[in-house]
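Participant: Supplied in structure tokens, the structure appears directly below.
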Amino acid sequence: DVTEELFSTEESLKELAQLADTAGLMVVDSTYQKLSNPNPRTYIGSGKVSEIKTAINAHGVETVIFDDELSPGQLRNLEKAFGGNVRVCDRTALILDIFDQRAATREAALQVTLAQMEYQLPRLTKMWTHLERQSGGKVKGMGEKQIEVDKRILRTQIGVLRKELESVRKHRKQYRTRRLSVPVPVVSLVGYTNAGKSTLLNQLTGANVLAEDRLFATLDPTTRRVQMKNGKEFLLTDTVGFIQKLPTTLVAAFRATLEEISESSLLVHVIDISHPLVDQQIEAVEKVLSELDASSIPKLMVWNKVDKAKNPEEIKSKAKSMEDTICISALNGSGLDEFCNAVQEKLKDSMVWVEALVP
Ligand code: GDP
């Protein structure tokens with residue numbers, strides 16, 4: 001995966017710690033190991049396992065999080081090695097947890113539950129084999145049977161969820177079609193998580209969309225009407241933030257939501273210009289956009305948080321020299337007039353702009 005190489009191990013771990021914080025956990029320590037191949041049984045080597053175990057005891061650790069997806073077997077072996085009450089999870093499970101906490105609409109909640117179940121399905125395997133061992137093999141096959149029963153239940157639930165999701169989506173689609181019959185262009189905000197999309201939406205519309213210094217504050221697409229000084233309007237949609245190593249189950253679950261991006265007239269890529277990994281974040285977002293076939297949609301680059309940057313004047317003049325690039329501070333409102341003018345300018349070229357439809 002290209003984006004994985006964009007971030008160094010340390011950078012990715014730092015982001016993982018931020019994700020853990022977002023999930024409400026307190027991070028006490030972090031470590032990594034360079035292996036040519038992950039250990040098939042425990043992902044890390046046995047020496048590293050003991051080292052982590054020592055840290056667990058020293059700090060009273062309750063959860064150990066791995067930055068890569070662990071196989072069901074690795075998960076189980078690690079839990080066994082770390083002992084009784086320690087929960088082992090991976091980046092995917094952590095992100096799913098955060099999404100679960102944050103889903104605000106019925107559709108988002110359904111999507112997240114579906115992704116969680118699909119994540120669990122392969123991990124059910126052998127969860128029950130301890131029953132066989134405990135009985136000294138007398139109930140041989142009992143574990144296997146239990147797995148099958150559990151899998152069947154889970155598959156049925158997944159089927160029910162899919163149907164429900166379909167009907168919710170149909171409903172929203174009708175609403176969207178009605179909305180599209182009014183010729184107001186749709187502008188979608190995209191960007192790495194925490195770039196300032198919600199803040200920008202709030203500044204422009206006075207809408208009180210949750211803006212937090214947390215990863216994934218926004219999960220549901222929120223659409224607001226923005227009226228410009230000349231009376232023209234556009235619809236501004238906030239979308240789920242992107243992140244490197246976004247779990248594939250989640251991308252699949254949120255595909256319908258993300259696909260709306262590809263129906264917009266204009267994309268506004270919000271960038272946290274003060275972030276040390278700004279280039280990697282931009283690339284990670286562009287990669288998702290191309291996966292969504294959204295690369296051909298007109299785009300405006302918005303360099304946000306210029307107030308926080310070390311060299312604001314330098315950044316501002318650099319933005320001026322670049323095409324389709326605007327420098328703003330969504331927080332204090334500077335550059336917003338310029339932003340609206342740029343949006344209007346970009347929409348002029350767009351087929352769905354009101355004037356183009358009304359001769
Ligand atoms: P989102 O995940 O892209 O929707 O990001 P948010 O809008 O939730 O913003 C993430 C954090 O960055 C919040 O703490 C905001 O207050 C902060 N933020 C957003 N825009 C700016 C800005 O222009 N300057 C500064 N200093 N902070 C900002």
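The values are calculated or read from the model by the stated rules, or taken from the named source; none is laboratory data. Nothing here was measured: the structure is a model prediction, and the numbers come from that model. Here the Cβ is made from the backbone with ideal geometry for all residues, glycine too, and neighbour counts use every protein chain on show. Keep in mind that these areas ignore ligands, DNA and RNA; they rest on the heavy atoms of the full protein, side chains included. Shrake-Rupley method; radii C 1.70, N 1.55, O 1.52, S 1.80 Å.
Participant: Might you work out the accessible area of ASP29 for me, using a 1.4 Å probe with all protein chains in place, and round it to the nearest 10 Å²?
Facilitator: Surface open to solvent at ASP29 totals about 100 Å².
Participant: To continue, here is another question. First select every other residue whose beta carbon is under 10 angstrom from the beta carbon of ARG91; then total the charges, Lys and Arg +1, Asp and Glu -1.
Facilitator: Details: positive: LYS245; negative: GLU15, ASP67, ASP68, GLU69, ASP90.
Every neighbour counted, the sum reads -4.
Participant: Could you state how much accessible area ILE326 has, in square angstrom rounded to the nearest 10, with a 1.4 Å probe and all protein chains kept in place?
Facilitator: 20 Å²
Participant: Could you give the length gained on full extension between ASN332 and ASN85, defined as 0.36 nm per residue of separation minus the Cα-Cα distance, in nm?
Facilitator: On the way: separation 247, 0.36 × 247 = 88.92 nm, distance 4.63 nm.
That pair, ASN332 and ASN85, stretches by 84.3 nm at full extension.
Participant: Work out, step by step, the length gained on full extension between LYS308 and ASP150: first 0.36 nm times the residue separation, then minus their alpha carbon distance; give nm to one decimal.
Facilitator: So the extension gain works out to 51.7 nm.
Participant: Taking all protein chains together and a probe of 1.4 Å, list VAL186, VAL168 from the most accessible to the least accessible. Each step should come with its number before you reach the end.
Facilitator: Working: VAL186 15, VAL168 35 Å².
The most accessible residue leads, giving VAL168, VAL186.
Participant: A further question on this structure: So, taking all protein chains as they sit and a 1.4 Å probe, how much accessible area belongs to SER30, in Å² rounded to tens?
Facilitator: 80 Å²
Participant: Could you order HIS269, HIS59, HIS171 by accessible surface area, starting with the largest, using a probe radius of 1.4 Å? Numbers along the way, then the final one.
Facilitator: On the way: HIS269 0, HIS59 95, HIS171 130 Å².
Largest to smallest exposure gives the sequence HIS171, HIS59, HIS269.
Participant: Counting other Cβ atoms within 10 Å of each Cβ, which trypsin sites (Lys or Arg not before Pro) in segment 1-70 have at most 16 and sit in a DSSP loop? Spell out each step's value before the answer.
Facilitator: Details: sites: LYS14, LYS34, ARG41, LYS48, LYS53; in loops: LYS34, ARG41.
Passing both the DSSP loop test and the Cβ count: LYS34, ARG41.
Participant: Moving on to the next point. Mind listing which chymotrypsin sites (Phe, Trp or Tyr not before Pro) in segment 1-94 are in a DSSP loop and have 16 or fewer other Cβ atoms within 10 Å? Please list the in-between numbers first.
Facilitator: Working: sites: PHE7, TYR32, TYR43, PHE66, PHE82; in loops: PHE7, TYR32.
Those that pass, being in a loop and sparsely packed, are TYR32.
Participant: Here's another thing I want to ask about it. Report the extension gain between SER290 and GLU263 in nm, rounded to one decimal, defined as 0.36 nm multiplied by the number of residues separating them, less their alpha carbon distance. Walk me through the numbers on the way to the answer.
Facilitator: Numbers: separation 27, 0.36 × 27 = 9.72 nm, distance 1.36 nm.
Gain on extension, SER290 to GLU263, equals 8.4 nm.
Participant: Quick check: from the Cα gyration tensor, does segment 2-98 come out rounded (a/c under 1.5), prolate or oblate?
Facilitator: On the way: a/c = 1.45, a/b = 1.11, b/c = 1.30.
Taking the square roots of the gyration eigenvalues as a ≥ b ≥ c, segment 2-98 is rounded.
Participant: Between SER8 and ASP29, how many nm apart are label points set 7 Å from Cα along the C-beta direction?
Facilitator: Between SER8 and ASP29, the simple spin-label model gives 2.3 nm.
Participant: Let me ask you something else. Using the heavy atoms of the protein chains alone and a 1.4 angstrom probe, what is the accessible area of segment 2-98 per residue in square angstrom?
Facilitator: Result: 54 Å² per residue.
Participant: Label-point separation (nm) for GLU164 and ALA58, each offset 7 Å from Cα along Cα-to-Cβ?
Facilitator: Placing both labels 7 Å along Cα→Cβ, they lie 4.6 nm apart.
Participant: Next up: Pop out the ³J(HN,Hα) list for segment 22-38 in order, Karplus 6.51 cos²θ - 1.76 cosθ + 1.60 with θ = phi - 60°, rounded to Hz; leave Gly and Pro as x.
Facilitator: 4, 6, x, 9, 9, 8, 9, 7, 8, 8, 8, 9, 9, 10, 5, 9, x
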